[in-house]
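None of the figures in this text is laboratory data; all of them are computed from the coordinates on show. Since this is a predicted model, take the numbers as computed values, not measurements. Because the Cβ atoms are built from the backbone with ideal geometry, glycine has one as well, and the counts that use them run over all protein chains shown.
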Amino acid sequence: MTERCFIGKACPWEIQETLQLASEVGALTETNLLEYCRNSLGVDCGGFLANYWGESCPHMIDVAPTGSNGILPRGFWSNDKLWPDVMSRRRQNAENVSPGDAAIFFKDVKDNNPDIAKQRAGGKLIEGTGSEAFHIGVVNNAGFSGKQLLADSGSASRAWGLRVRSGNRFLRRGGACHDVRR
């Protein structure tokens, strides 16, 4: 279970148990606690969203649920094995975006269609072949300024305002969404 703490996917109780174990075996002390946490533990964007939504988090009934070792931003967008109703959860317009939704960031969207994924060759992405989902965040707040949806998403280390453009897609909490340009 503790491995998820070191790959950015852990939920709070897993981090707590890892810190307790490290303390019990002498790897962690009051003097190195902060350094240990900064250098060894953390939650990435996909891990944060999965935990926020309660998805793919181990529990007593299923210690290794589907996606427990990570869900990439594209997986939140289109993984119909994890979420059979994923296509119906895509936001159809900007007015429907609300706090708790996820914002998926795509770049190089081909033909304005994020479902066309960038192809790989030799382990590298091929430019011009499709979109790349590179980040996902939870929408904290959403509102309009003129004709643009403004949404914010952030972390402890940074916060930013998001202006919806062709690269941003939103999904309803618990699923994925569609381009919300107006």
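What the table shows:
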| quantity | calculated |
| --- | --- |
| Label zone at residue 13, where the point sits 7 Å out along the Cα-to-Cβ direction: the range 25-66 residues whose backbone N lies under 16 Å | 51-65 |
| Burial ordering of 23, 68, 88, fewest other beta-carbon atoms within 10 Å first | 88, 23, 68 |
| Eligible aspartates and glutamates near residue 118 by straight Cα distance, threshold 14 Å, same-chain separation 8 or greater | 108, 127, 132 |
| Sites residue 140 and residue 107, calculated FRET efficiency, Cβ-Cβ separation with R0 22 Å, nearest 0.05 | 0.45 |
| Net dipole in debye of the range 2-43 [+1 Lys, Arg Cβ; -1 Asp, Glu Cβ; about Cα centre; nearest 20] | 180 |
| Difference of contour (0.36 nm per residue) and Cα-Cα distance, residue 53 to residue 87 | 10.5 nm |
